[in-house]
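Below is one structure, written out as structure tokens, with a few remarks after it.
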Amino acid sequence: MTDTEHATGRPAEDDTVRRVLQETGTWAVVGLSNNTTRAAYGVARVLQRHGKRVVPVHPSAETVHGEQGYASLADIPFPVDVVDVFVRSELAGDVADQAVAIGAKAVWFQLDVIDEDAARRVRDAGLDMVMDRCPAIELPRLGSAA
């Protein structure tokens with residue numbers, strides 16, 4: 001991506017990132033487990049420090065950071081605002097489709113999680129979409145009072 005593309009695309013992306021960070025409360029973190037060496041563990045803690053309810057979504061359905069885990073997005077018995085995706089890019093599209101199906105407001109693909117087709121489907125369904133970014137980086141960068 002050239003500097004010009006960054007300059008023209010970044011402000012609109014920043015507006016979406018800021019909106020997602022400021023206007024949401026419940027984040028389902030797909031791939032979150034009690035493995036403290038994984039990025040999801042630390043990012044979930046940062047989200048909690050910023051007042052977000054973090055819901056672990058992992059096949060093991062472990063309780064993480066004091067929150068009950070669920071094996072899938074469909075198993076969560078309450079509304080979710082954001083689905084934060086910590087899975088490989090080739091699996092992310094399926095998670096994005098599940099996020100749309102459960103009525104989430106936004107989908108967030110973490111750093112290096114990229115699926116342009118899935119992002120388009122999410123946006124076409126009317127959800128906010130953030131891709132290849134990390135909320136633990138964006139919260140302090142954008143000065144969000146989230």
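The values are calculated or read from the model by the stated rules, or taken from the named source; none is laboratory data. Given the structure is predicted, the values throughout are model-derived calculations rather than measurements. Here the Cβ positions follow ideal geometry from the backbone for every residue, glycine too, while neighbour counts run over all protein chains shown.
Listed here are the residues, each with its yes/no results for (1) out of contact with any Asp or Glu (no Cβ under 6 Å at 6 or more places or on another chain); (2) touching a residue at least 12 places away in the same chain (Cβ under 8 Å); (3) surrounded by fewer than 16 Cβ atoms within 10 Å (Cβ to Cβ).
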{"position": "G42", "(1), (2), (3)": "yes, yes, yes"}
{"position": "R49", "(1), (2), (3)": "yes, no, yes"}
{"position": "E67", "(1), (2), (3)": "yes, yes, no"}
{"position": "A71", "(1), (2), (3)": "yes, yes, yes"}
{"position": "D81", "(1), (2), (3)": "yes, yes, no"}
{"position": "V100", "(1), (2), (3)": "yes, yes, no"}
{"position": "V107", "(1), (2), (3)": "yes, yes, no"}
{"position": "Q110", "(1), (2), (3)": "yes, yes, no"}
L139 being assigned to a helix (DSSP H, G or I) and either within 16 Å of G25 (Cβ to Cβ) or touching a Phe, Trp or Tyr at 6+ places or on another chain (Cβ under 8 Å) (or both): yes
Criterion (over 21 Å from G42 (Cα atoms) and among the acidic types (D, E)) met by exactly one of D132, D115: D115
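Every residue, every condition in (1) modelled with pLDDT under 95; (2) in contact with a helix residue (DSSP H, G or I) (Cβ under 9 Å, 6 or more places away or on another chain), yes or no:
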| site | (1), (2) |
| --- | --- |
| W27 | no, yes |
| V30 | no, yes |
| S33 | no, yes |
| A40 | no, no |
| V43 | no, yes |
| V46 | no, yes |
| S60 | yes, no |
Looking at (1) within 15 Å of L21 (Cα to Cα); (2) over 14 Å from the mean Cα position of the chain (by Cα); (3) among the polar types (S, T, N, Q), which is the one condition that is false for Q110? (2)
